[in-house]
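Have a look at the structure below, then the notes.
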Amino acid sequence: MSEDVLDRFDSIRRFSRGGQAAPHKPLLLLYALAQLKNEGAERITFNEAEKVVDPLLRTYGSFRKTPTVAHPFVRLANDRGRFWWIEDHTKTPSGDLLISEARERNLKAGFSEDVLQAFRENPKLIDLLAINLLDRNFPPSLHADILERVGLHLGQDEFEAVLRRKRDPRFRVAVLSAYYEQCAICRYDLRLNGAPVALDAAHIKMHSAGGPDEVPNGLALCSLHHKLFDLGVLTVDPKYEILVSDHVVGEWGRRLQDSLHGKPIALPRRDTDFPAEKYLTWHKRNIFKQASVQS
């Protein structure tokens, strides 16, 4: 039963552009799992989901369109896995929700009855599904933050599984060595007993989007700049110059713009290890929060 449920969720249809799929459905599902695990809530309501999930869509999604939980709230019910239920509602010609009606009625949705029964029989399935959703849709540097923001707390064994999921340790060694064990953006190079501390091998094209464990698809980044890179606050253009999103605000946003925008990164020792243009272009198009017309 558990494998059958996981397979059904793997069939989720997600809007995709340029190889990067929108995170709307996975984020709503993680929120629904949190409500089920923490509150025993077998149904979520539109108004509460909108309050929690819409800000997540603005953080982890693209800025090309105004994000709304209304799309996954209804469209999950059309996936071939048949794992989602939504109460009767009026549909627009395109099959979407009337948001005004969804808010006025505080429309309810949730997992189908047979999936709920599987969760009752095996509560660990909630954590396993959450791990699967994270691993297939988001870079590892963001997993803990996403879990915290949806309010889903995994068991210790399951959380540790998230951290070590399908990663090749040779990739980290090769990338850090290529970059002289320093951050390509800020040149941070702290070592403790000879070993680099808080320095990561970041994938330029996400592992979950098919990015390979190869040095040209990697950057050595300190933990802070790794997270900002994965969030799309920063990117690197094909000229190996740092770009800072226009969407960052506040004193630290201004500092990022002043200190980093247009500055060159520290390159690897061998030109064969330089970041590949195809991966840099993918990141700029699909992850970087660049200015665009909202719709």
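The values are calculated or read from the model by the stated rules, or taken from the named source; none is laboratory data. Please read these numbers as outputs of a predicted model, since none were measured by experiment. Using ideal geometry, Cβ is built from the backbone for each residue, glycine included, and neighbour counts are taken over all protein chains shown.
Pairs linking a residue in region 232-247 that is under 24 Å from Leu56 (Cα atoms) to a residue that is part of a loop (DSSP other than H, G, I, E, B) and of a type in the set (Asp, Glu), with Cβ atoms under 6 Å and 6 or more positions apart or on different chains, are Leu243/Asp237. Looking at Arg82, Arg75, Arg13, Arg64, which one is at pLDDT below 95, among the basic types (Lys, Arg) and more than 21 Å from the chain's Cα centre (by Cα)? Step by step, each of Arg82, Arg75, Arg13, Arg64 is checked, and only Arg82 is at pLDDT below 95, among the basic types (Lys, Arg) and more than 21 Å from the chain's Cα centre (by Cα).
If I filter region 204-217 for residues that are in contact with a Phe, Trp or Tyr (Cβ under 6 Å, 6 or more places away or on another chain), aliphatic (A, V, I, L, M) and under 24 Å from Ile146 (Cβ atoms), do I get at least one hit?
Looking only at region 204-217, we keep the residues that are in contact with a Phe, Trp or Tyr (Cβ under 6 Å, 6 or more places away or on another chain), and these are 204-205, 213, 217.
Filter once more, keeping what is aliphatic (A, V, I, L, M): 204.
Now drop any that are not under 24 Å from Ile146 (Cβ atoms), which leaves 204.
Looking for residues that are in contact with a Phe, Trp or Tyr (Cβ under 6 Å, 6 or more places away or on another chain), aliphatic (A, V, I, L, M) and under 24 Å from Ile146 (Cβ atoms), one finds at least one in region 204-217, hence yes.
Just checking, does region 211-222 include any residue being touching a Lys or Arg at 6+ places or on another chain (Cβ under 8 Å), at pLDDT below 95 and more than 18 Å from Pro140 (Cβ to Cβ)? For region 211-222, residues touching a Lys or Arg at 6+ places or on another chain (Cβ under 8 Å), at pLDDT below 95 and more than 18 Å from Pro140 (Cβ to Cβ): absent.
The sole residue among Ala130, Ala102 that is in the same structural domain as Asn38 (by TED's automatic domain parsing) and farther than 25 Å from Val5 by Cβ is Ala102. Filter region 223-240 for residues that are touching a Ser or Thr at 6+ places or on another chain (Cβ under 9 Å) and of a type in the set (D, E, K, R); which is nearest to Ala22 (Cα to Cα)? Among residues in region 223-240 that are touching a Ser or Thr at 6+ places or on another chain (Cβ under 9 Å) and of a type in the set (D, E, K, R), the one nearest to Ala22 (Cα to Cα) is Asp230.
Residue pairs whose Cβ atoms lie under 9 Å apart, separated by 6 or more positions or on different chains, with the first residue in region 120-138 and in contact (Cβ under 8 Å) with a residue 60 or more places away in the chain and the second outside any helix (DSSP H, G or I) and of a type in the set (Lys, Arg), are Leu134/Arg165; Asp135/Arg165; Asp135/Lys166; Asn137/Arg14. Restricting attention to region 117-139, the residues being in contact with a strand residue (DSSP E or B) (Cβ under 9 Å, 6 or more places away or on another chain) and at pLDDT below 90 number 2.
The helices (runs of 4 or more DSSP H) found entirely in region 76-154 that carry 1 or more residues being among the small types (Gly, Ala, Ser), more than 30 Å from Met206 (Cβ to Cβ) and out of contact with any His (no Cβ under 7 Å at 6 or more places or on another chain) are 99-105.
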